[in-house]
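So the structure is just underneath, and the comments pick up after that.
Since every read-out is calculated from the coordinates, none of them should be taken as a lab result. This structure is a prediction, so every number in the text was calculated from the model and none was measured. Reconstructed Cβ throughout: ideal geometry from the backbone, glycine too, with neighbour counts over all protein chains shown.
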Amino acid sequence: MSGTALPSLVSTVPGPKSHAWVDRLSQVECPAITARRARRAVQIGATDTDPVVWSEAVGQNVTDVDGNVFVDLTAGFGVAAVGHRNPTVIAAVKAQCEVLVHAMGDAFPDPRRIELMEALARRTGLARVILGSSGSDAIDAAVKTAVVATGRHRIIAFDGGYHGLAFGPLATLGYLGHTMRQPFQRLLGTHVTWAPFGGVLPDASTLSEVAAVLVEPIQGRGGMREPPDGWLVQLHAAAQAAGALVIHDEIYSGCGRTGRFLASELQPDLLCLGKALGGGFPVSACLGTAAAMDAWGASTGAAIHTQTFLGHPVGCAAALATLGELDRLTPIAATTGAVLAAALRQVPGVSKVTGRGMMLGVHVKGALQVTHDLLDRGYIVLPCGERAEALGLTPPYGLTAAQAQGFVAALADVLQWQR
Ligand SMILES: Cc1ncc(COP(=O)(O)O)c(C=O)c1O
C-alpha cells in the first residue's frame, strides 16, 4: 500500500480482533488512559466504544488488526505530517540504527544531535537549543529557561491552551484545566496567572512580575482557534515592555502545519517544537535566543537540566530527515489545506471552519458523535475544543485530492443523517 488509498472496510468497526486486543488492554492499562476516552464516548450514547487497534500505517493510511484500511485525518495527533512511515525518514533511521542508537545525553554527544540543533537554529533564527523527547519536555525547558533568565517566577497562560500533562505544563493547562489539574492542584503551585486567549491583555503591573507568557499562536486541542489579527503583536509588545519573555508553543502548529514552517512570523524569546518534528519518533526541541538561554551560565558541576535520552541519535536522525521532507511537503500543505477548507465550508451542517493550512477546526453539531460516524466510514478524526465543539483535522500533508474529497463526501453523508 502506498498511503494514498481510500478507506476499505472488511469488518465491523471495530472488528472482532480489535475487541479482543482491547479486552487485553483493559486488563493491563491504567483506566485513566484509553478506557477514559471510551467513557467519554458512552456519555454521548455511542454503542460501541472500543477503539480500533492499529497494526500498520503508511502515508495517510492506517490499517487495523482486522484488516480495515482508514484514512487518517489526524496524522496521529499531528505527528505524521510527512506521512506515516515516510520512506526518507525510515531510511535515515535504519542507517542510524546501523551505527549508533544511544549516546549519552549531556555527557557524550553525537554528530546527529549537533546537526539537528544547527539545522533548527538556522531555520528559526533562535541560536540555542535544548532537545527533549516529548512536547512536555520542551515546555518544561522553556519555562525553566524563562525563570533562570528573568529571575521571576510567574507565568501567564491562556484559557483553552494545551501544553502537555507532565507537572510543569500541567500547571499552565487552560484546556479542560479544571478537570485535568484538579486532582493534583495542591502540587501545582500558584505561579500561573490566567488570561483570555485573544482577549484583554494582562496589565503592566501583572506583567512586571512575570517570567514568561506561554502562548500557542494557534490553539490546537483548544479548537484550532486563532486569536484576532494583531493580538499576538500586542502581546509581544506588552511582554517586552515589562521585561517578560514570550514562549511560543508551536508543538502542534509548527513544522509546516499551517503552510509555513512556523505559524507565527513573530520571533519569540523561546519556541517549543515537538509532534511532527521527529517524523514519528519522539523528539522535541526548545529553542531560545542566546540572551535567554545563556542565562543558564557555564556549568559548575552536574548538568542542571538534562535527560537520559536527550538528543537521542535515532530521533535526531529522524528529525533531520523530516526537516528535508517538510521543505518539500509544506507548500503542498498550504494549497491542499485551502482547498479542503473551502470544500468543507460548502457542506450543509458545517457552521464554520477555523484554522489554517492543514490545521482545521470543522464546527458541527455533536462533533463527538460525528467522529464515531466518520470512523464507521473509514475516516479517523478527533474532536477538538473544550466542549468538543469541532472536528480537529491535522492530516498528513500528502493527503490526496481523492482522499480529501472522499472525506468531505463522508462528512456530508454523516451530517445529512443527523438532520
Ligand atoms: C500545543 C501543544 N503543546 C504541548 C503538547 C504536549 O506534547 P506531548 O503530549 O508530546 O507532551 C501538545 C500535545 O498535544 C500540544 O498540542
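Key figures
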| item | result |
| --- | --- |
| Top positive-direction residue, dipole computed over the stretch 255-411 with Cβ charges, set ALA291, ALA319, GLY256 | GLY256 |
| Dipole in debye (nearest 20) - the stretch 1-111, about Cα centre, beta carbon charges: Lys, Arg +1; Asp, Glu -1 | 280 |
| Cα centre as origin, Lys/Arg/Asp/Glu Cβ charges: the chain dipole, Debye | 400 |
| For the stretch 6-61, the fraction of alpha-carbon pairs in successive 5 Å shells from zero, as % | 4, 17, 23, 25, 18, 11, 2 |
| Whole-Hz ³J(HN,Hα) from phi, Karplus 6.51 cos²θ - 1.76 cosθ + 1.60, for the stretch 59-71, glycine and proline x | x, 9, 9, 10, 10, 9, 5, 8, x, 6, 10, 10, 9 |
| Taking the convex hull of Cα positions in the stretch 1-153, its mean projected area over all directions (nm²) | 14.0 |
| Residue-count net charge about ASP64 - beta-carbon cut-off 12 Å; Lys, Arg +1, Asp, Glu -1 | -3 |
| Whether the stretch 329-375 is rounded, prolate or oblate, judged on the alpha carbon gyration tensor where a/c under 1.5 counts as rounded | prolate |
| Cα long-axis angle, helix 367-376 against the chain (0 to 90 degrees, to the nearest 10) | 50 |
| Formal net charge of residues neighbouring SER2 (Cβ-Cβ distance under 13 Å; K, R +1; D, E -1) | 0 |
| Between 0 and 90°, nearest 10: helix 111-124 axis offset from the chain longest Cα axis | 90 |
| Mean Cα-pair separation over length for the chain, i.e. relative contact order, pairs under 8 Å, 6 or more apart, % | 22 |
| Charge dipole magnitude, Cβ of K and R +1, D and E -1 - the stretch 224-299, Cα centre, debye nearest 20 | 220 |
| Cα gyration tensor, the chain - rounded (a/c under 1.5), prolate or oblate | prolate |
| Expected 222 nm ellipticity per residue - DSSP helices of 4 or more, -39500 (n - 2.57), all of the chain, to 500 | -11500 deg cm²/dmol |
| DSSP-loop GluC sites (Glu not before Pro) across the stretch 237-339, with at most 16 other Cβ within 10 angstrom | GLU265 |
| Cα gyration tensor shape for the stretch 265-331, rounded if a/c is under 1.5, else prolate or oblate | oblate |
| DSSP beta bridges in the chain [antiparallel fraction, %, rounded to 5] | 65 |
| Local electrostatic count at THR172 - Lys and Arg +1, Asp and Glu -1, tallied over other residues with Cβ under 13 Å | -1 |
| Between 0 and 90°, nearest 10: helix 313-345 axis offset from the chain longest Cα axis | 60 |
